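Visitor: There's a structure below that I have some questions on.
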Amino acid sequence: MQSLSKPDLIPFKRLFNWFLQRSRPYKRLVSVAVDVGLLCVACQVALVLHYGRWLYAGDSSLILVSVLAPVSVIPVMIPTGLYRAVIRYVGYHALWNVVKAVSLGTLIWMLALNVIGAALPLAVIIIFWMTALLAVGGTRMLGRWMFRQLSPVGYSYKNRHANRVLIYGAGSFGNQMATAFINSTDVSPVGFLDDDASIQGSELVGLRIYSPEELPGLIERYGIDSVVLAIGSLTVSRQREMVRMLENHPVTVKVMPALVDVDSQKIQYSDMSDIEVTDLLRRDSVQLNKQLLSSCVAGCSVMVTGAGGSIGSELCRQVLTLKPARLVLYEMSEFALYTIERELRHFLSSSEAIHEGKAGYYPELIAVLGNVQDREHLERVIRRFSVETLYHAAAYKHVPIVEQNMVAGIRNNLIGTWQTAEAAVSGGVRHFVLISTDKAVRPTNVMGASKRLSEMVLQAISARENDGLNEEKTRFAMVRFGNVLASSGSVVHVFRTQIERGGPVTVTHPEITRYFMTIPEAASLVIQAGAMGRSGDLFLLDMGQPVRIAELAREMIRLAGRTVRDEYNPEGDIELMYTGLRPGEKLYEELLIGGDVSGTEHPMIMMAREGFLPWDELKPELMLLEQLMLNADYDGIREQMMKLVSGYQPTDELSDWLKPEPADSRDAEKRIDGTL
């Protein structure tokens, strides 16, 4: 149908917009009145076509025949929902309802005419049926066409204020989503995007299906706000491809969380969530080894140190789903301990736990305040609660903070691991798993060096306790991996906050890279790795490919619907600023010191063999390090760490806040004070 020119459209558009802004009952009443008139006209047309002439309009029997037509058909149309349907979404389903209603109504009309003695020839009945179908169905299709020509996404109150969305995926899930959006108060679906060329150009629930290549034109024409991904079985790699294509356009990319009931047909814009960069960096799930997951947890008394931290809290969540007899939360921060205990108790009492088949399952949950450097306290806790498996996640991890507080960092990370391991041996713990980091490999900072020394302490204690024994007393395992996404203080959180504030987004160096893994994936692999191998084994998690932090920042800016302001685009929304490497920071991280690495029964867990000092040699060195910390000998501490940790090469001068000041600067201050 040929489109009208813009000048011709103006009066019609005003009248059309006025009608759209009327109340729904008013519009339904108008629809009924139009159908009444159309059915009366259809009756007259049938008579004229059959008899070949106009009949006398004043004939009372003719008037009765015409009036009986809408009286017979309209009551049948009402229950089919034709007057509840939104004209712009009229599709084949609505037209089928028209066919059924008009057919049944025509049959009732014919029977009524026979009852009152005004029977008409069968040819008239058939012509009326065909004419009524064309009139009733055709006006609805005409209304939909007018709506799309004059107001493609509507000028009703809802559509003036609603978020205009395209649905990516014209399958069953997209169909459900579109139907729910139609009934929503603040979402206006404009159409579908789909990669399947065979269905492009067709319609689904009254909405046109477009090719993704048409997206720029659709954004300009309809003012699209968001694209919602609606593909049920969407793999991470496919989702990543779709977002890469969409992120170059000025729209936000949304997904429907799994917890939202699309079938309820009550979806608000706020129910949808933005695609996060974490969704793009995660990987397709690997089949879990259920035997490894449960072997050290199910029916056991389990303890997690650092239970309120990012990794520790996720370990607690996953351990709880594996049905331990008891879970001991050991944490130094009162608030963190309160938060994770409250969350876990809610989980145990919620329908979520019942839904997962754990109805009636209530393990003992113990929340203990404590410091991992307090060996006596640790021993009492371990003995009191008969701990069998211990996950040691307590650590200071922020590189610049530990660099500026090196004594506190070494005490917590190294001495804390040593004392926890000794308490575990003394208390009869069967499995001890240390959470380590890729920063322990050829470290350039105190945090990484303290974690490598922690690994060496466990290796040495393991050899001390288990060498020559047929059965291991305490099996020590270390699991080393890179950064976890969205952990406390994560670069993702920092970038998100900076973007919300309008920038700038700060990156330390254009070439800096990091390995990333989601917190749930890391915790799951830690539990599985902890059940493998022999005591003293060091496990490495497959971190995938390293990610350039600058590109991560650009991706997050684009996902927020903004553009990057740089030398290539000086008019962009958010500036990307490089600030320089921080104290102790490396351009890239590694997972392996040497080349002695082998696979395991899990495809994402490797095992490495790395050297260490025997306990008889390591212990005196640790005692010396403790004495240096007591004496606040910062230069001596660094020298001792460099002596013990192979490859430790600090890149910066000492930056601890409490390091001694140079004598000449102290003298200068005294002169200013007048004391010299």
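We did not get these values from a lab; they are worked out from the coordinates using the rules stated. None of the values given here were measured: they were computed from a predicted structure. Positions of Cβ are backbone-derived with ideal geometry, glycine not excepted, and every protein chain shown enters the neighbour counts.
Visitor: Which of S350, S61 has the fewest other C-beta atoms within 10 Å, and how do the rest follow up to the most?
Guide: Fewest to most other Cβ atoms nearby, the residues stand as S350, S61.
Visitor: What is the magnitude of the charge dipole of the stretch 290-644 about its Cα centre, with +1 placed on the Cβ of each Lys and Arg, -1 on the Cβ of each Asp and Glu, and no other charges, expressed in debye to the nearest 20?
Guide: 600
Visitor: By how many nm would the segment from E364 to Q545 lengthen if fully extended, with 0.36 nm per residue of separation less the alpha-carbon distance?
Guide: Gain on extension, E364 to Q545, equals 61.1 nm.
Visitor: Out of the stretch 478-550, which trypsin sites (Lys or Arg not before Pro) are coil in DSSP terms and have no more than 12 other C-beta atoms within 10 Å?
Guide: R501, R534
Visitor: Right, another one. Could the peptides 391-403, 644-656 be put in order, highest first, of the mean number of other beta-carbon atoms found within 10 Å of their residues?
Guide: Descending packing order for the listed peptides: 391-403, 644-656.
Visitor: Neighbour counts of other C-beta atoms within 10 Å: give me V41, V277, V115 arranged from fewest to most.
Guide: Ordered from fewest to most neighbouring Cβ atoms within 10 Å, V41, V277, V115 come out as V115, V41, V277.
Visitor: With 10 angstrom as the radius, rank M517, M177 by how many other C-beta atoms surround their C-beta, starting from the fewest.
Guide: The order, fewest Cβ neighbours first, is M517, M177.
Visitor: Kindly give the semi-axes, whole Å and largest first, of the ellipsoid equivalent to the stretch 497-635, taking each as the square root of 5 times a Cα gyration tensor eigenvalue.
Guide: 39, 24, 13
Visitor: A further question follows. Given a cut-off of 19 Å, name the pairs among K451/K643; K290/K473; K290/K451; K439/K643 whose C-alpha atoms lie farther apart than that in the structure shown.
Guide: Violating the 19 Å limit, Cα to Cα: K290/K473; K290/K451.
Visitor: Amide H neighbours of L204 under 5 Å, at least 5 residues apart or on other chains, H built in the peptide plane: list them.
Guide: Counting only residues 5 or more places away or on other chains, the set is I209.
Visitor: Continuing with the same structure: What is the diffusion coefficient of the stretch 290-644 in µm²/s, taking the Kirkwood radius over Cα pairs and the Stokes-Einstein relation at 20 °C with a viscosity of 1.002 mPa s?
Guide: 100
Visitor: State the Cα centre-to-centre distance between the stretch 417-438 and the stretch 546-606 in whole Å.
Guide: 32
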